[in-house]
Each structure stands twice: as C-alpha cells, then as structure tokens.
Amino acid sequence: MWAKGTYPDMHWTASCGGMRTSIGTAIKMKRAGYRKGSSDIFIFEAKGKYHGLHIEMKKEKGGTKSPEQIEWARKSNERNYLAVFCNGEEEAKEIVRKYMEEIKS
C-alpha cells in the first residue's frame with residue numbers, strides 16, 4: 001500500500017463502506033455504528049487548523065457523490081477536518097502528499 005510505504009508512521013484507516021456484503025453483514029455493520037456517507041479513508045494527523053483528513057474516493061471518470069457523502073464532508077469540514085473527494089488513486093496520493101508535507105503542523 002502506497003501510504004504505508006510513504007508515511008510509515010501516519011495514523012490512518014480505511015472504511016469498508018464501498019464493499020459488497022451480505023444482508024447479514026450489512027445489518028451487523030449498521031449495528032456496529034457504520035454510517036451511510038462516511039468517508040473511505042481517515043487520516044488521524046492534525047495539521048495546521050485541521051484535526052485530520054477525510055477522503056471520499058470516486059472513480060477517475062464518472063464518479064458521483066451521494067447526498068449523504070456531501071453532507072458527511074460538509075459536517076466534517078465544519079468541525080475542522082479537511083474532507084475532500086478524490087477522482088482516482090493519483091489524485092488521492094497528491095492530496096495526502098500536500099496534507100502531510102505542505103500544511104504546517
């Protein structure tokens with residue numbers, strides 16, 4: 001994984017939100033607290049005015065944002081997280097680079 005090799009000490013996780021699951025697993029996920037619209041990647045590194053970075057991954061071309069995803073990003077940004085939508089892996093890498101290296105701690 002790119003992030004692990006590039007930033008080995010970065011504290012981050014990814015959600016399982018976009019995965020196809022059985023109905024039983026989906027019910028368990030909801031009971032466990034999974035929320036529709038939550039971001040795909042969460043980076044728990046405070047930088048500048050931000051508490052962390054939330055990334056919602058979209059297809060490189062043709063990805064659409066759901067109303068729940070837009071609302072999640074809005075609420076995250078209001079709470080001083082940087083929440084962004086990235087079209088493809090390369091755009092996400094660039095956002096992470098800028099966040100980790102250019103935003104002053």
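The values are calculated or read from the model by the stated rules, or taken from the named source; none is laboratory data. Being a predicted model, the structure only gives us computed values, none of them experimental. Neighbour counts are summed over all protein chains in view; Cβ atoms, including those assigned to glycine, are modelled from backbone coordinates with ideal geometry. SASA here: full protein model, heavy atoms, side chains in, ligands and nucleic acids out. Shrake-Rupley method; radii C 1.70, N 1.55, O 1.52, S 1.80 Å.
Tabulated values for the structure
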| item | result |
| --- | --- |
| Neighbourhood charge, 13 Å Cβ-Cβ cut-off, centred on E78 and excluding it, Lys, Arg +1 and Asp, Glu -1 | +3 |
| Size of electric dipole in the chain: Cβ of Lys, Arg +1 and of Asp, Glu -1, about Cα centre, debye, nearest 20 | 480 debye |
| R0 of 22 Å, Cβ-Cβ distance N77-R35: FRET efficiency to nearest 0.05 | 0.85 |
| Alpha-carbon Rg/Rh ratio, for the chain, with Rh computed the Kirkwood way | 0.97 |
| Ellipticity estimate at 222 nm from DSSP helix runs (n ≥ 4, -39,500 (n - 2.57)) divided over the chain, nearest 500 | -11000 deg cm²/dmol |
| Point-to-point label distance, M1-E94, nm (Cα→Cβ direction, 7 Å offset) | 2.3 nm |
| Modelled label reach - K59, point 7 Å along Cα→Cβ, the range 1-36 residues with backbone N closer than 18 Å | 18-20 |
| Part-to-part distance (alpha-carbon centres) for the range 1-78 and the range 83-102, which is given in Å | 13 Å |
| Antiparallel bridges, percent of DSSP beta bridges restricted to the chain (to nearest 5) | 55 percent |
| Rel. contact order, % - alpha carbon contacts under 8 angstrom, at least six apart, the range 1-50 | 53 percent |
| Accessible-area value, T13, 1.4 Å probe, nucleic acids and ligands omitted, Å² | 60 Å² |
| Under 5 Å, built H, 5+ apart or other chain: amide partners of A83 | H54, N77 |
